[in-house]
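Before any comments, here is the structure.
Coordinate-derived values only; no laboratory data. Please read these numbers as outputs of a predicted model, since none were measured by experiment. Cβ placement follows ideal geometry from the backbone for every residue including glycine, while neighbour counts extend to all protein chains displayed.
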Amino acid sequence: MNRSSSHQLAENLLRFLRENTDCYYTPESLAAKFSVSINDISTAITVAESWGYRFSYSGLKIRIQECPDLLTDTELQYGLSTKYIGQVIHAYRKVKSTNDIARELAEGGAGEGTIVTAEEQTQGRGRLGRQWHSPSGKGVYLSMILRPVFPPEQAPGISLLTALALADTISSCCPGLVQIKWPNDVLVNGKKTAGILTELSADKTTINYLIVGVGVNINHTTGDFPPEIQQIATSVAIAAGYPIRRVPLVQGFLAAFERMYEQYCRSGLQGFLSQLRSYSSLLGKEVTLNKGNKTLTGIARDIDPSGALVVACDNRLITVTSGEVTVVKN
Ligand code: BTN
């Protein structure tokens, strides 16, 4: 049996054993089930152990004991409750950027909901040309391919929606500590924990595809961040005070996102405004923003139904649709 078929057998075996964790199986019965030899089964088990799976034995019989917290196809699909978001998964150990791979897949015709995950990114990209530090096994680095039928003007709302799905998901680990810094940073205890990079391919009236790239700091310690962002970045584990399993968190996010995305396609942001306002870290605060080549200061007043930030500056209300907004006073 060559390497790729023993990997395939390991995946099939894991899928089967995951579904049946309360029974022990003899190597003979597994060999018969998968129409392979007993030797092939033992090779597949060695492969699975090298991926971090642990088995328990009763005599020669075997069952699964522990699954690794890896963002692989096998782990993410087991227990995923979505209809199409994440039903096709391209999982990598190390890539330059999951957004780049997602774009190539989208160009090649990959369907709506296809996701790309990686354990590590060597050239993770953030907004405004920044880097997204993506150390191995610590975070979630994930890109989703969407093919909405709404017009390109509605694309920016998807970033807000993604931030909302992330905020709800992260709140399950650290309730009451999560905020959204418009347009799409997720903060925990006032420090950045997640960011979203949405990239659009469209002509004037039609979206070809949207790539929604999501980066979440999950199990980082402060020392895992580069010194220049240690004061402004945090992770879910730092805030929660315990290590976080990434797989259920990602599954929860994908399910929350799918629900919200369907509602957004039907009726836009309207139904999300009150949640967006209550998560907002900016509303009521004095902020600065760049408009054209000017820097303006004002009070952030609202998020409007198009997702824009409304800022009161010199007795005028300014609608901000993109860019960086910074709080000047708390
Ligand atoms: C930001 O806050 O500036 C956005 C960060 C987005 C990072 C994610 S990680 C997965 C995807 N791949 C990338 O290269 N970037 C996004």
Amide H within-cut-off set for Arg125, under 5 Å, with H built and near neighbours excluded: Trp132
Which ³J(HN,Hα) values, rounded to whole Hz and listed in residue order, are derived for the stretch 68-75 from phi using the Karplus coefficients 6.51, -1.76 and 1.60 in 6.51 cos²θ - 1.76 cosθ + 1.60 with θ = phi - 60°, glycine and proline given as x? x, 8, 10, 7, 9, 3, 4, 6
Report, in whole Å, the centroid distance computed from the Cα atoms of the stretch 1-41 and the stretch 145-178. 39
Ranked output for segments 289-295, 113-119, 136-142 by mean other Cβ atoms within 10 Å, highest leading, reads 113-119, 136-142, 289-295
By a straight-distance test (C-alpha under 13 Å), which aspartates and glutamates pair with Lys291 as possible cross-link partners, with residues fewer than eight away in the same chain excluded? Glu324
Taking the Cα centre of the chain as the origin, how large is its charge dipole in debye, to the nearest 20, when only Lys and Arg (+1) and Asp and Glu (-1) carry charge on their Cβ atoms? 580
At a threshold of 8 angstrom on Cα-Cα distance, excluding pairs fewer than six apart, so keeping six or more, what relative contact order does the chain reach in percent? 13
Dipole magnitude of the stretch 286-327 about its Cα centre (Cβ charges: Lys, Arg +1; Asp, Glu -1), debye to nearest 20: 140
Quick check on the chain: take the gyration tensor over C-alpha atoms, sort the square-rooted eigenvalues as a ≥ b ≥ c, and tell me if it's rounded (a/c under 1.5), prolate or oblate. prolate
Going Cα to Cα from Lys61, which lysines come in below 26 Å? Please leave out same-chain ones fewer than 8 positions away. Lys33
Out of residues 5 or more away from Ile62 or on other chains, whose amide H comes under 5 Å of its own, with H placed 1.01 Å from N in the peptide plane? Tyr25, Thr26
Which of Arg103, Arg3 has the fewest Cβ neighbours within 10 Å, and the rest in rising order: Arg3, Arg103
Pairs to check: Lys191/Lys294; Lys204/Lys294; Lys83/Lys181; Lys138/Lys192; Lys181/Lys285. Give those whose C-alpha atoms are more than 19 Å from each other in this structure. Lys191/Lys294; Lys204/Lys294; Lys83/Lys181
In what order do Val212, Val236 fall by count of nearby beta-carbon atoms within 10 Å, going from fewest to most? Val212, Val236
Under 5 Å between amide H atoms, partner at least 5 residues away or on a different chain: which partners does Ile180 have, H built in plane at 1.01 Å? Leu187, Ser280, Ser281
Apply the Karplus parameterisation 6.51 cos²θ - 1.76 cosθ + 1.60, with θ equal to phi minus 60°, to every residue of the stretch 214-227 and state each ³J(HN,Hα) to the nearest whole Hz, in sequence, with x for glycine and proline. 10, x, 10, 7, 10, 10, 5, 9, 4, x, 6, 8, x, x
Could you name the aspartates and glutamates in cross-link range of Lys94, using Cα to Cα under 14 Å and dropping any fewer than eight places away on the same chain? Glu119, Glu120
Given the peptides 276-284, 225-233, arrange them by the average over their residues of other C-beta atoms within 10 Å, most packed first. 276-284, 225-233
